[in-house]
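Read-outs throughout are calculated quantities, based only on the coordinates presented, and are distinct from any laboratory measurement. Quick caveat, the model's predicted, so the values are computed rather than measured. Here the Cβ positions follow ideal geometry from the backbone for every residue, glycine too, while neighbour counts run over all protein chains shown.
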Amino acid sequence: MTTKIVIVAGGTTGMGRATALARAARGDQVTVIGRARRGLPDSVTFLSADLSSVAEVDRVAAEIANRHVRVDALTLFANRPMPQRTETADGFEYTFALYYLSRYLLGTRLAPLMDTTSVIVNVAGVGTTAGEIHWPDPQLRDRYSMVRAQLQAGRANDLLGVSHNGKARYVLYHPGFTRSGLDLYPNPVIRGMVKTLGRLFARPVEKSVAPILGWIDHPPSEALTAVDRGKPVKQSLKTLDPGAASRLATYTERLLTGC
């Protein structure tokens with residue numbers, strides 16, 4: 001089998017880590033981007049970065065471009081729920097910056113290294129219709145809540161797949177409740193509840209990453225694929241509206257001009 005160049009953003013825990021380890025075991029050249037290596041094997045290249053920072057994303061994208069002439073797969077997992085509104089060094093709401101903007105930037109910056117045989121897999125919540133882009137206040141300066149921020153960023157990632165115009169095949173993937181990232185909740189009470197529910201009801205990580213490994217080996221023929229817990233998502237769904245996707249892309253570019 002041909003060796004793949006695989007980039008895993010948010011690959012030090014949960015599904016991201018499982019994807020990185022599986023591809024490294026296959027013999028691929030795997031690069032993981034995250035805050036701490038967390039015992040990843042030497043066969044995996046690790047780039048330390050705060051993906052909520054525009055400058056940091058630009059730096060690691062440039063490092064990847066210096067190391068590789070192409071990218072076969074870009075897999076996007078980075079996310080961290082924040083119970084209180086927090087701003088990044090760029091002045092952006094943290095969830096928006098990490099969960100959505102870092103994915104936008106990596107896909108854009110690495111696009112020249114990808115073609116129609118490459119794939120981008122964006123792991124979020126496609127198929128879920130809860131939440132929306134709060135157009136009057138996308139940075140959630142008013143009425144912030146952790147759930148509101150997470151849902152907005154999830155819907156932003158849906159639209160990111162719709163507006164993608166690079167050559168790589170794009171996959172929006174909602175794995176469902178998985179035993180992944182259960183330690184990310186800062187509040188110990190919420191973290192304990194989520195972990196308990198995870199033990200009882202969540203899917204094993206290996207089951208949730210299996211489709212991702214398949215897409216890396218065999219990218220879809222369609223420009224955009226959306227899958228919610230194993231079922232195709234109709235692209236006529238209101239959360240995949242092309243007009244909203246264009247509006248978000250315009251807003252994002254304007255936001256980035258100040259960085």
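Suppose a student asked you for the relative contact order of the chain, using Cα pairs under 8 Å spaced at least 6 residues apart; what percent would you report?
Relative contact order of the chain: 19 percent.
Hey, with R₀ at 41 Å, roughly what FRET efficiency would Glu87 and Ser43 work out to, going by the Cβ-Cβ distance, to 0.05?
After rounding to 0.05, the efficiency reads 0.65.
Restricting to DSSP H runs of at least four residues, report the calculated mean residue ellipticity at 222 nm for the chain, -39500 (n - 2.57) per run over all residues, nearest 500 deg cm²/dmol. Present the calculation step by step, with values, prior to reporting the outcome.
Details: 7 runs with 95 residues, N = 259.
The helix-only estimate for the chain comes to -11500 deg cm²/dmol at 222 nm.
Please enumerate, by chain and number, the aspartates and glutamates with C-alpha under 14 Å from the C-alpha of Lys4, excluding those fewer than 8 residues away in the same chain.
Cα-Cα hits under 14 Å: Asp28, Asp72, Asp115, Asp217.
Which trypsin sites (Lys or Arg not before Pro) from region 1-103 combine a DSSP loop assignment with at most 16 other Cβ atoms within 10 Å?
Arg35, Arg37, Arg38, Arg70
Against the globular-protein guess of 2.2 N^0.38 Å, express the Cα radius of gyration of the chain as a ratio, rounded to two decimals.
Here the answer is 0.94, to two decimals.
First measure r as the distance between the Cβ atoms of Asp241 and Lys207, then evaluate 1/(1 + (r/R0)^6) with R0 = 30 Å and state the FRET efficiency to the nearest 0.05.
Calculated value: 0.45.
Would you tally the net charge around Arg169, using a Cβ to Cβ cut-off of less than 14 Å, leaving Arg169 out, and scoring K and R as +1, D and E as -1?
Spelling it out: positives minus negatives among the neighbours equals -2.
Between Tyr251 and Arg26, 0.36 nm times their residue separation minus their Cα-Cα distance comes to what?
77.0 nm
Counting Lys and Arg as +1 and Asp and Glu as -1, each charge on the Cβ, what is the dipole of region 5-256 about the Cα centre in debye, to the nearest 20?
680 debye
Average the reciprocal distances over every distinct pair of alpha-carbons in region 93-148, invert the result, and give the Kirkwood radius in Å.
In region 93-148 this quantity evaluates to 13.5 Å.
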